[in-house]
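The values are calculated or read from the model by the stated rules, or taken from the named source; none is laboratory data. As the structure is a prediction and not an experimental result, all values here were calculated from the model. In this analysis, Cβ positions are derived from the backbone assuming ideal geometry, glycine residues included, and neighbour counts consider all displayed protein chains. To get the accessible areas, we keep the full protein, side chains included, count just its heavy atoms, and leave off ligands, DNA and RNA. Shrake-Rupley method; radii C 1.70, N 1.55, O 1.52, S 1.80 Å.
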Amino acid sequence: MTMMRRREWLHAAAATAGGAVLATAGPWTAEAGQSKTPAAPRPGYPSRPAGKVEILFKAPGQSANGMQCTEEGIWTIENAGSRTDTPGRCKVYLSSYEGKLLRELAPEGTGPSGIGVDADNKTIWIGSTYSREIIRSDARTGETIEKHFTPGAGVIYRMTTDLPARPDTYGRSVRPPATNGQGQGVGRAGAAATPGGPSAGSPSDGLGVGRGGPVAGNPGPPAPGTGAHGQQTQNGKLWIAVPPGRMIYRIDPRTWMVEHMFPTVGYRPHGIGIETPDAKYLWESDTNMGAFFKRDMVTGEVVDSIQLPEGSPFPHGMSVWKGYIYWTDDIGGGIAPVCRLRI
């Protein structure tokens, strides 16, 4: 794929967004439950280059897909056989900010892509992506407390206005070459390279599973569809990012009613981060874009954005903590990096 410089990428994003504004702007209000912000930011939205990217340590376990920073440390979650040898069970880890493993749990969750922690640090929220559930578990034992359906779950779809996925430069540079059993190297998840990047539907662009029926090498769900990724609590409410719905939702956990929602920037939103209980903005990460977007939590407006430089680890799980964005790149093989940059 032809590499785009940062200025070119941002210009393309703005131009794409302009078309979306004209096509989708509507009369909704925040009070009615959905913001009027369309599914892409307006032309000329604020943006800035990333500062220094720090790689802090390798995430515990084989990989890390979801993340949440707390006073106790950094929570990460991984698939860990949840679709193979331990169906319906995943792995959750709590590490210190220096990388020391503090706790390990094996709660319910199938192919989880997000984890959130309640303010009292007693319970965790799991985005069980491939069972399309939101699961609340005990933060000490991993025991399931409650389960809910995921608003907006379904099949991830693309739009003609979507930008092409950026190449996985960092992952290719650190991931050992795989073989097909005959000594021949294969790409990530066997995806075929095309001029536009990985072949359409490859896991690296977020579209490779949940397309209906069995997928070779991935038991997956028999029915099409996936669920939520990022999870974050604030003042007793639960915020979730749902790629199939291309939405960020605010839910009242007591009634499981959606109170508010606004569209994501692209089709592969992942982690979301809210820094303080009184914060008016949240940060949304987009894996394919390798970028973070600061969103007004009422209007959905993009008020700032940061694009990671070429060669940086891609953001999957993400959290915001004490002036930093933390994230992890789910590259597998026990080498998933935990990273941060100053906001």
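Entry remark, segment 124-147: residues being more than 19 Å from the chain's Cα centre (by Cα) and open to solvent by 10 Å² or more (accessible area, probe 1.4 Å) number 8 in total.
Do we have any residue at all in segment 285-292 that's under 14 Å from residue 170 (Cα atoms), of a type outside the set (A, V, I, L, M, F, W, C), out of contact with any helix residue (DSSP H, G or I) (no Cβ under 8 Å at 6 or more places or on another chain) and buried (at least 22 other Cβ atoms within 10 Å of the Cβ)? So far as segment 285-292 goes, yes, one or more of its residues are under 14 Å from residue 170 (Cα atoms), of a type outside the set (A, V, I, L, M, F, W, C), out of contact with any helix residue (DSSP H, G or I) (no Cβ under 8 Å at 6 or more places or on another chain) and buried (at least 22 other Cβ atoms within 10 Å of the Cβ).
Of all residues in segment 124-167, which are in contact with a strand residue (DSSP E or B) (Cβ under 6 Å, 6 or more places away or on another chain) and polar (S, T, N, Q)? Listed by number, the residues that qualify are 128, 129, 137, 144, 150.
Hey, among the residues in segment 126-172 that are of a type in the set (Phe, Trp, Tyr) and in contact with a Ser or Thr (Cβ under 7 Å, 6 or more places away or on another chain), which one's nearest to residue 248 (Cα to Cα)?
The qualifying residue nearest to residue 248 (Cα to Cα) is 130.
Restricting attention to segment 44-63 and to residues that are in contact with a Ser or Thr (Cβ under 9 Å, 6 or more places away or on another chain), at pLDDT below 95 and assigned to a loop (DSSP other than H, G, I, E, B), the residue that is nearest to residue 175 (Cα to Cα) turns out to be 63.
Take the residues in segment 73-91 that are part of a loop (DSSP other than H, G, I, E, B) and open to solvent by less than 10 Å² (accessible area, probe 1.4 Å), then tell me which one is farthest from residue 57 (Cα to Cα). Write out each step before concluding.
Step one: of segment 73-91, the residues part of a loop (DSSP other than H, G, I, E, B) are 73, 79-88, 90.
Checking which are open to solvent by less than 10 Å² (accessible area, probe 1.4 Å) leaves us with 73, 82, 90.
Numbers: 73: 13, 82: 24, 90: 21 Å.
Result: 82.
Applying a threshold of 7 Å to beta carbon distances and a minimum spacing of six or more residues, or different chains, the list of pairs starting in segment 157-174 at a residue that is of a type in the set (D, E, K, R) and ending at one that is open to solvent by 60 Å² or more (accessible area, probe 1.4 Å) reads 168/188.
Could you tell me whether segment 136-145 includes any residue that is among the aliphatic types (A, V, I, L, M), touching a residue at least 60 places away in the same chain (Cβ under 8 Å) and over 20 Å from residue 330 (Cα atoms)?
Restricting attention to segment 136-145, the residues satisfying the condition of being among the aliphatic types (A, V, I, L, M) are 139, 145.
Then drop every residue that is not touching a residue at least 60 places away in the same chain (Cβ under 8 Å), which leaves none.
Checked segment 136-145: no residue is among the aliphatic types (A, V, I, L, M), touching a residue at least 60 places away in the same chain (Cβ under 8 Å) and over 20 Å from residue 330 (Cα atoms).
Contact map, segment 110-123: first residue farther than 13 Å from residue 75 by Cβ, second residue open to solvent by 10 Å² or more (accessible area, probe 1.4 Å) and among the small types (Gly, Ala, Ser), Cβ cut-off under 7 Å, separation 6 or more or different chains; pairs are 110/88; 110/131.
This table checks each residue for (1) in contact with a Leu (Cβ under 9 Å, 6 or more places away or on another chain); (2) in a strand (DSSP E or B).
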| site | (1), (2) |
| --- | --- |
| 283 | no, yes |
| 288 | yes, no |
| 320 | yes, yes |
| 326 | yes, yes |
| 334 | no, no |
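Scanning segment 92-123 for residues being open to solvent by 60 Å² or more (accessible area, probe 1.4 Å) and either among the charged types (D, E, K, R) or in contact with a strand residue (DSSP E or B) (Cβ under 6 Å, 6 or more places away or on another chain) (or both) gives a total of 7.
Within segment 235-272, the residues that satisfy the criterion of being touching a His at 6+ places or on another chain (Cβ under 7 Å) and either assigned to a loop (DSSP other than H, G, I, E, B) or open to solvent by 10 Å² or more (accessible area, probe 1.4 Å) (or both) are 243, 250, 256.
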